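The values are calculated or read from the model by the stated rules, or taken from the named source; none is laboratory data. This structure is a prediction, so every number in the text was calculated from the model and none was measured. Heads up, the Cβs are rebuilt from the backbone with ideal geometry, glycines too, and the neighbour counts pull from every protein chain shown. Ligands, DNA and RNA are stripped out before the accessible areas are found, and what is left, the full protein with its side chains, is counted by its heavy atoms. Shrake-Rupley method; radii C 1.70, N 1.55, O 1.52, S 1.80 Å.
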Amino acid sequence: MQEKNLKRRFILFLICIVLSFSVFLVDLFNIQIVHAADNTSQRIAMSSVESTIPAARGEILDRNGVPLVTNQQVNSILLNAQYFPPTKKQDERNAILKKLIDLAEKYGVVWNDNLPLELDASGNVRFKPDSDGEIAFLKSKSVLHLNSYATAENCFSRLVEKFDLQDYEKADALKIASVCYSFKKISFSADHPFVFADEVSDEFAAKIEENRTELRGVEVKITTKRHIADGTIAPHIIGLVGKLDANEYTKHKNEYNALLEDETLTDAEKKEASLRAYSMDDTIGKFGLEAAMEDYLRGTNGIMTTVTDSNGYKTSEITRAPVAGNSIILTIDSVLQKKVQDALANFAESYSLKETGVPPVGSAIVMDVKTGGILACATYPSYDLNTYYEDYAALSKDKASPLWNRALKSTYAPGSTLKPAIALAGLEENVINEHTKINCTRIYQRFPDMQFKCLQIHHSGNIDVRTAIYRSCNIFFYETGFNLGIDRMNDYCTRLGLGQKTGVEIPESKGVLASRAYKEAHGQVWHHGDTVQAAIGQSDNLFTPLQLASYVSTLANGGTRYQAHFVKSIKSSDYENTVLSKDGTVLGEVGASKKNLDVVTDGMHMLGANTRAFKDLPVQVAAKTGTAQFKLKIDGRLIEGTNGFMISFAPYEDPEIAVVVAVENLDGGAVTGILASEIYKAYFEDTSTVTPEQGYNTVLR
């Protein structure tokens, strides 16, 4: 019995051993055969690092799909922290940087020298001019930890000590220190490579590749840069990109940090935000639509994952592809824009009064009256976006202020161009009707102690509202304005968009609507004389040409005030999806009757029909001219003169576009019809290129 038990136990023991070995063999088979690849990868891989792949910026096109700003592939030189020597090997870093800088200078490559220090002619270190922000950062705790009063030589000495540059010549030490300073500034890492040079020749790129062994961590990358097809087309509107400055970087960094504090964000949303975050050496829109549409134009960066195995070999793959920024389709027609610019330049040079010493300047706008879309917007003088940075010093000192956007930012006393608005207010408020006649004696009789005059000669002294608009009779509008009062006048001017921002995408001036409140805010008292002066576009009234365009468009389309806009639509980078479409955003309705609007535009049509410059046009034009006085100081001399304006629209029977021109230092506004006529010819005689979308009276420069 006992032997049987022993035998049974021995058999059970053998069975357990066999089962154990079977389990072991199964595991061994799974490890070495079934999951061999996975386990080999895990054994070999030592580290995995993610780096950023920059996304291309979105393009800008005109309304007909003509590219205005695109991206061009270029060779750039990057320093990659994954391969570049670490900080503990500063000697190796310095040697690589010395060789790289020498090569760059040999081939005439402009590299990104961000250090606010330079050598003067005597070999002394000094601060670069206009670098206050960079100098403050250099001295800060983040870099050199120096007092604010530290000199340029103090900063250089600390850089030499910090980056072990004692064995280098002063000039070489300064250059190497510049790159090392940039490393600190951008937090140089796998996520933040340093762009040593933005654009280099194929020859130089090949030279870098030839010297890869000695230039560890220096890489040639195919990137993109902004390509502007014609830098003279609407430069004030399109704008430019440039490197982030310290203030811009801080602002966007704070916004990003605040976003991450939102507890409702998912991990995916946080990752998306991180891929759209700005690095210190990033590019950003500086002004114009490049700045205004930054959030749309900026793409979402991708991710490159680099794996290092136990032998030190690295392999990289794109684990998240970058997404290019959206494309912006403008309301501007580039062909029309060029013609308007040329016409404005020729007119300003030909008709501005040279003897005053005031440079010829002005602006012109073409607006779709049915949507508020801006088809052309020109400022003269102008500049070329492609040479903006090289020319900036000269442009900023030019007395004609070519960098200033006169169409959107200059504000002027509108003169008689305001009279249609006052006429409409008078009709709507029953102060006058279409048959009311006022006797023009050329001297306004209501204020015996003040003489307000009418400069026009009328065939008949008794004139109605249509004739008053056509003949621009001051007496008629003095009396209408007096009976309305400033508050009722301003109510209608506000409804028509005067003294109001138009809502356009880029910065604009608000202007001034003459009022008691404005006078009182400036320590002055409102008088009846101010009311009648305001009624003819003087007093404190100051409007931008763009406001005048919005105003006359509202009259033309029957009383709907649309938001002015340069952006027609926004498309995804592949043009498959529409991100945003602007078909005409209504800001308000004037609320005037069609009958009264027709009376006002009839008066404007009378002027258009009797304007010699419009005789040969294929359409009928409704228009109103304006002349306003200005006072200006140039080189210490007080100069007085007049500015000329015209607001207009066509065709009169079924309005499509409004044309507004404003040219400073003209001998009256009547001559502006010549310029407006050239613009109408450009639009109506070449319709294949344009597809319409469904101080007191002191000039502010």
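Find the strands (runs of 3 or more DSSP E) located wholly in the stretch 289-339 whose residues include 2 or more that are more than 30 Å from Cys377 (Cα to Cα), and list them.
Values: elements: 302-309, 314-320, 327-330.
Strands (runs of 3 or more DSSP E) meeting the threshold: 302-309, 314-320.
Just need a number here: residues in the stretch 132-156 that are in a helix (DSSP H, G or I) and either among the small types (Gly, Ala, Ser) or open to solvent by 70 Å² or more (accessible area, probe 1.4 Å) (or both).
Filtering the stretch 132-156 down to residues in a helix (DSSP H, G or I) leaves 132-139, 152-156.
Pick out the ones that are also either among the small types (Gly, Ala, Ser) or open to solvent by 70 Å² or more (accessible area, probe 1.4 Å) (or both) and you get 132-133, 136, 152, 154.
The total comes to 5.
All but one of (1) farther than 18 Å from Cys473 by Cα; (2) surrounded by 15 or more Cβ atoms within 10 Å (Cβ to Cβ); (3) modelled with pLDDT of 95 or more hold for Arg612; state the number of the condition that does not hold.
Among (1) farther than 18 Å from Cys473 by Cα; (2) surrounded by 15 or more Cβ atoms within 10 Å (Cβ to Cβ); (3) modelled with pLDDT of 95 or more, Arg612 violates only (2).
Consider only pairs whose beta carbons are under 6 Å apart and that are at least six residues apart or on different chains; among these, list those whose first residue lies in the stretch 89-110 and is among the polar types (S, T, N, Q) and whose second residue is assigned to a helix (DSSP H, G or I).
Note: pairs meeting the criteria are Asn94/Ile176.
Counting just the residues of the stretch 157-173 that are out of contact with any helix residue (DSSP H, G or I) (no Cβ under 7 Å at 6 or more places or on another chain) and in a helix (DSSP H, G or I), which one comes out surrounded by the most Cβ atoms within 10 Å (Cβ to Cβ)?
Going through the stretch 157-173, the residues out of contact with any helix residue (DSSP H, G or I) (no Cβ under 7 Å at 6 or more places or on another chain) turn out to be 157-158, 161-162, 167, 169-171.
Narrowing further to those that are in a helix (DSSP H, G or I): 157-158, 161-162, 170-171.
Values: Ser157: 15, Arg158: 18, Glu161: 11, Lys162: 16, Lys170: 14, Ala171: 11.
My answer is Arg158.
Out of all the residues in the stretch 573-587, which are assigned to a loop (DSSP other than H, G, I, E, B) and among the polar types (S, T, N, Q)? Reasoning before the result, please.
Keep residues of the stretch 573-587 that are assigned to a loop (DSSP other than H, G, I, E, B), which gives 573-577, 582-585.
Hits for the stretch 573-587 are Ser573, Asn577, Thr585.
Looking at the stretch 280-294, is at least one residue of a type in the set (S, T, N, Q), touching a strand residue (DSSP E or B) at 6+ places or on another chain (Cβ under 7 Å) and open to solvent by less than 40 Å² (accessible area, probe 1.4 Å)?
Within the stretch 280-294, none of the residues are of a type in the set (S, T, N, Q), touching a strand residue (DSSP E or B) at 6+ places or on another chain (Cβ under 7 Å) and open to solvent by less than 40 Å² (accessible area, probe 1.4 Å).
Sort out which residues of the stretch 596-620 are in a loop (DSSP other than H, G, I, E, B), over 12 Å from Pro651 (Cα atoms) and polar (S, T, N, Q), and write them in order of number.
Within the stretch 596-620, the subset in a loop (DSSP other than H, G, I, E, B) is 610-611, 615-620.
Okay, now just the ones that are also over 12 Å from Pro651 (Cα atoms), so 610-611, 615-616.
Listed by number, the residues that qualify are Asn610, Thr611.
When you go through Lys582, Lys633, Lys624 one by one, which is the residue that is surrounded by 20 or more Cβ atoms within 10 Å (Cβ to Cβ) and either more than 27 Å from Ile469 (Cα to Cα) or within 31 Å of the chain's Cα centre (by Cα) (or both)?
Only one candidate qualifies: Lys582.
Among the residues of the stretch 197-221 satisfying the criterion of being among the hydrophobic types (A, V, I, L, M, F, W, C) and touching a Ser or Thr at 6+ places or on another chain (Cβ under 8 Å), which is farthest from Ala95 (Cα to Cα)? So that I can check it myself, show each step before the final result.
First, the residues of the stretch 197-221 that are among the hydrophobic types (A, V, I, L, M, F, W, C): 197, 200, 204-206, 208, 215, 218, 220.
After this cut, where a residue has to be touching a Ser or Thr at 6+ places or on another chain (Cβ under 8 Å) as well, the list is 197, 200, 220.
Working: Ala197: 18, Val200: 22, Val220: 19 Å.
By that ranking, first place goes to Val200.
Check off (1) farther than 23 Å from Ala197 by Cβ; (2) surrounded by 15 or more Cβ atoms within 10 Å (Cβ to Cβ) for Ser178 and give me the number that stays unchecked.
Condition (1) is where Ser178 drops out.
Could you give every pair whose Cβ atoms fall below 9 Å, whose first residue belongs to the stretch 250-274 and is more than 17 Å from Thr52 (Cβ to Cβ), and whose second residue is loosely packed, with under 10 Cβ neighbours inside 10 Å, counting only separations of at least 6 or pairs across chains?
none
For Ser47, are the conditions met, namely being open to solvent by 30 Å² or more (accessible area, probe 1.4 Å) and either of a type outside the set (Gly, Ala, Ser) or part of a strand (DSSP E or B) (or both)?
Numbers: open to solvent by 30 Å² or more (accessible area, probe 1.4 Å): yes; either of a type outside the set (Gly, Ala, Ser) or part of a strand (DSSP E or B) (or both): yes.
Criteria met by Ser47.
Would the stretch 42-54 turn up any residue that is among the basic types (Lys, Arg) and at pLDDT below 90? Don't jump to the end; show me each part of the working.
Residues of the stretch 42-54 among the basic types (Lys, Arg): 43.
Cutting the leftovers down to at pLDDT below 90 gives us 43.
Within the stretch 42-54, one or more residues are among the basic types (Lys, Arg) and at pLDDT below 90.
Out of all the residues in the stretch 427-440, which are more than 16 Å from Met604 (Cα to Cα) and either of a type in the set (A, V, I, L, M, F, W, C) or open to solvent by less than 40 Å² (accessible area, probe 1.4 Å) (or both)?
The answer is Val431, Ile432, Thr436, Ile438, Cys440.
Could you tell me whether Ala81 is surrounded by fewer than 17 Cβ atoms within 10 Å (Cβ to Cβ), among the hydrophobic types (A, V, I, L, M, F, W, C) and not in a strand (DSSP E or B)?
Values: surrounded by fewer than 17 Cβ atoms within 10 Å (Cβ to Cβ): no; among the hydrophobic types (A, V, I, L, M, F, W, C): yes; not in a strand (DSSP E or B): yes.
The answer is no for Ala81.
Somewhere in the stretch 441-461, is a residue over 26 Å from Leu513 (Cα atoms), open to solvent by 70 Å² or more (accessible area, probe 1.4 Å) and in a strand (DSSP E or B)?
Among the residues of the stretch 441-461, not one is over 26 Å from Leu513 (Cα atoms), open to solvent by 70 Å² or more (accessible area, probe 1.4 Å) and in a strand (DSSP E or B), which makes the answer no.
Just the residues that are open to solvent by 10 Å² or more (accessible area, probe 1.4 Å), closer than 26 Å to Ile329 by Cβ, charged (D, E, K, R) and not in a loop (DSSP other than H, G, I, E, B), please, taken from the stretch 362-394.
none
For the stretch 473-572, which fully contained helices (runs of 4 or more DSSP H) count at least 2 residues that are surrounded by fewer than 24 Cβ atoms within 10 Å (Cβ to Cβ)?
Working: elements: 474-484, 486-495, 516-521, 528-534, 545-556.
Here the list reads 474-484, 486-495, 516-521, 528-534.
Can you name every residue in the stretch 98-131 that is open to solvent by less than 30 Å² (accessible area, probe 1.4 Å), closer than 19 Å to Gly217 by Cβ and not in a loop (DSSP other than H, G, I, E, B)?
Answer for the stretch 98-131, where residues must be open to solvent by less than 30 Å² (accessible area, probe 1.4 Å), closer than 19 Å to Gly217 by Cβ and not in a loop (DSSP other than H, G, I, E, B): Leu100, Ile101, Leu103, Ala104.
I'm checking my understanding of the structure. Among residues of the stretch 395-426 that are part of a helix (DSSP H, G or I) and among the β-branched types (Val, Ile, Thr), which one is farthest from the chain's Cα centre (by Cα)?
Filtering first and then ranking leaves Ile422.
From the residues in the stretch 208-223 that are aliphatic (A, V, I, L, M) and open to solvent by 20 Å² or more (accessible area, probe 1.4 Å), which one is nearest to Val74 (Cα to Cα)? Before you say what the answer is, go through the steps one by one.
Taking the stretch 208-223 as the starting set, the residues that turn out to be aliphatic (A, V, I, L, M) are 208, 215, 218, 220, 222.
Next, only the ones that are open to solvent by 20 Å² or more (accessible area, probe 1.4 Å) stay: 220, 222.
On the way: Val220: 10, Ile222: 6 Å.
Once the filter is applied, the top-ranked residue is Ile222.
Yes or no, residue by residue, for (1) open to solvent by 60 Å² or more (accessible area, probe 1.4 Å); (2) within 21 Å of Lys185 (Cα to Cα); (3) not small (Gly, Ala, Ser):
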residue: Ala206; (1), (2), (3): no, no, no
residue: Arg226; (1), (2), (3): no, no, yes
residue: His236; (1), (2), (3): no, no, yes
residue: Asn257; (1), (2), (3): yes, yes, yes
residue: Thr264; (1), (2), (3): yes, no, yes
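If Asn75 meets every condition in (1) open to solvent by 30 Å² or more (accessible area, probe 1.4 Å); (2) part of a strand (DSSP E or B) apart from one, which number is that one?
Tallying (1) open to solvent by 30 Å² or more (accessible area, probe 1.4 Å); (2) part of a strand (DSSP E or B), Asn75 fails exactly one: (1).
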